Every structure is written in structure tokens, then in C-alpha cells.
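A short write-up of the structure that comes next.
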Amino acid sequence: GVPVTIICHNVEPHESNALWRTLTRRTLRRADRLVVHGESLVAQARRMAPTVPVTRAFLPISVNVATATGPARQQDIIDVRRRTGTLDRPLLLTFGYVRPYKGIEDAIAALPRCSRRPVLLVAGECWQDPQPFYDLARDHGVQDDVIFDLRYIPNDELPALFGAADAVVLPYRDATQSGVAALAFAYGRPVVATAVGGLPDLIDDGVTGALAPPNDPAGLADAIDRVI
């Protein structure tokens, strides 16, 4: 007798299969209401649970995280810039779990096309074999311009990490919405993202960041140049 609302950050898992889709469909159809964070997810939710009302709500900015961690000390930001060799070069950050749909390969391939020779810091726990990333960076001649910090990043490191970045890059090949974008905005960082899923709903191109086509390193490089 208690109404149940499900907040769907993803209506389906990114790496889905028949069993997961079946379990997800059964779960969503038992709810009294579904809440999603992007226009593209409304239709997806209605396909999964046709009789359940769907509400679209804007993904909130993670101000509570930024407030809890506090502002970064200037020395901590300098330390990140020094560690990444970006005291006089732009620093791009990809943050969060490294998974196939995140498109890290496209960010690496975009680097040699960028006019300001930025450094890409890939920070987050890796859910796939990272060796192809190293090989790709070497093939593109940017092995010295990509830094991998493939581990879980604790909250107390976030202020310096985001504070040091000139832009946060989301080169996703598939997406619903992005908690990383919300986190970037909470720390006052612009976001370069691909125009997939709900990301165009989050990013105001030319104001809070820039949008690029998915699977397009040249287009991503152009968006990075515009933001930098």
C-alpha cells in the first residue's frame, strides 16, 4: 500500500543482456512512478513500463559534494598541475569508471588534433583492459600527453582534481545523463561532451561547455579547442 517511485539514472544497464532487460522491465512495471533525467529516457522508460507514469526531472548539480569537500587549496591545485606537467599547458580530465561506452579512445585520438597540446588525465577505476589505451596513445604519438590514474578516487581528492582541470571531457559513445557533468558544474568546470542521450539537456553549448558528435575525434578536438 506504499507508493513506490523509482529514480532511473539509467533505464537499462549500459552493458545489458536479455536477463538484465527482463529483470529491469519487471522491476519498473511494479513501480507507481518513474523519474528520469533526460528527454531521451522518457520514451525508453515508457517502452519498458507502458502503464507507469514517467516524470522528467533535471539532474541536480552536486553542490552538496562540493560543499562537503570544501574548496581546493591553491597549493593542491599546483601540485596536480605539476604532477601532470600542465603548469603551462591545458589539462583535460575524464573522471569516473572507465567502461567501454565512455569513449576514452575518442578522447585520446582527439589529442593530436587539438591546437593547444592539452594533457588528458584519465582518472577513475577501470572496468576493462587498459592496454589498448596505452597502445592507442602510442599509435597517435601522444603517449606522453595521456596520464592514467586508474583507481577509485576518494572524495577528498576531488577539489584539487577538478580545480586543476581546464575542462572535464565526456566523450561518451552512449549515455543517459551524467553525474560527472553535475559534479564538474558543482566545482565550476566547463564540460566538453558528446551529444548523446541526455547530455545535450545538461550542457549549454558555448556557455557551460561544448558539444561534439559521438565517435568523432576531430569534432571532439574542435569542441575542446572552443572551450580552452
Checklist outcome for this item: With -39,500 (n - 2.57) per DSSP H segment of 4 or more residues and division by the full residue count of the chain, the 222 nm estimate, nearest 500 deg cm²/dmol, is -10500 deg cm²/dmol
Item to check | Cβ crowding within 10 Å averaged over residues, with 11-23, 152-164 ranked highest first | outcome: 152-164, 11-23
Checklist outcome for this item: Given 44-50, 31-37, 219-225, the highest-first ranking by average Cβ count within 10 Å works out to 219-225, 31-37, 44-50
Item to check | Neighbour-limited loop hits for trypsin sites (Lys or Arg not before Pro), the stretch 90-185 (at most 12 other Cβ within 10 Å; DSSP other than H, G, I, E, B) | outcome: Arg116, Arg151
Checklist entry - Going by the alpha-carbon gyration tensor, a ≥ b ≥ c the square roots of its eigenvalues, is the stretch 1-158 rounded (a/c under 1.5) or, if a/c is not under 1.5, prolate (a/b greater than b/c) versus oblate? => result prolate
Next on the checklist: How tilted is helix 39-48 with respect to the longest principal axis of the chain? Cα atoms for both, answer in degrees (0 to 90, nearest 10).
Outcome noted: 40
Checklist entry - Along the stretch 114-123, what does the Karplus equation 6.51 cos²θ - 1.76 cosθ + 1.60 (θ = phi - 60°) give for ³J(HN,Hα), rounded to whole Hz, x for Gly and Pro? => result 7, 6, 9, 6, x, 9, 9, 9, 9, 10
Item to check | For the stretch 185-227: rounded, prolate or oblate by the Cα gyration tensor [a/c cutoff 1.5] | outcome: oblate
Checklist entry - When the Karplus curve 6.51 cos²θ - 1.76 cosθ + 1.60 is applied with θ = phi - 60°, which whole-Hz ³J(HN,Hα) does each residue of the stretch 194-201 get, with x for Gly and Pro? => result 8, 8, 10, x, x, 4, x, 6
Checklist outcome for this item: The set of residues whose placed amide H lies less than 5 Å from the amide H of Arg56, leaving out same-chain residues fewer than 5 positions away, is Val36
Checklist entry - By the gyration tensor of its Cα atoms, with a ≥ b ≥ c the square roots of the eigenvalues, what is the shape of the stretch 1-47: rounded for a/c under 1.5, prolate for a/b over b/c, or oblate? => result oblate
Item to check | the stretch 205-220 - phi-based ³J(HN,Hα) in whole Hz, Karplus 6.51/-1.76/1.60, Gly and Pro as x | outcome: 4, x, 10, 9, x, 8, 10, 9, x, x, 6, 9, x, 5, x, 5
Next on the checklist: 5 Å is the cut-off here: which amide hydrogens, built 1.01 Å from N in the peptide plane, fall below it relative to Val98, excluding neighbours closer than 5 in sequence?
Outcome noted: Glu125, Cys126, Trp127
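Just so you know, all these numbers are worked out from the coordinates, no wet-lab data involved. Just so it is clear, the structure is predicted and the values come from calculations on it, not from any experiment. Cβ sites come from the backbone with ideal geometry, for glycine too, and all protein chains shown count toward neighbours.
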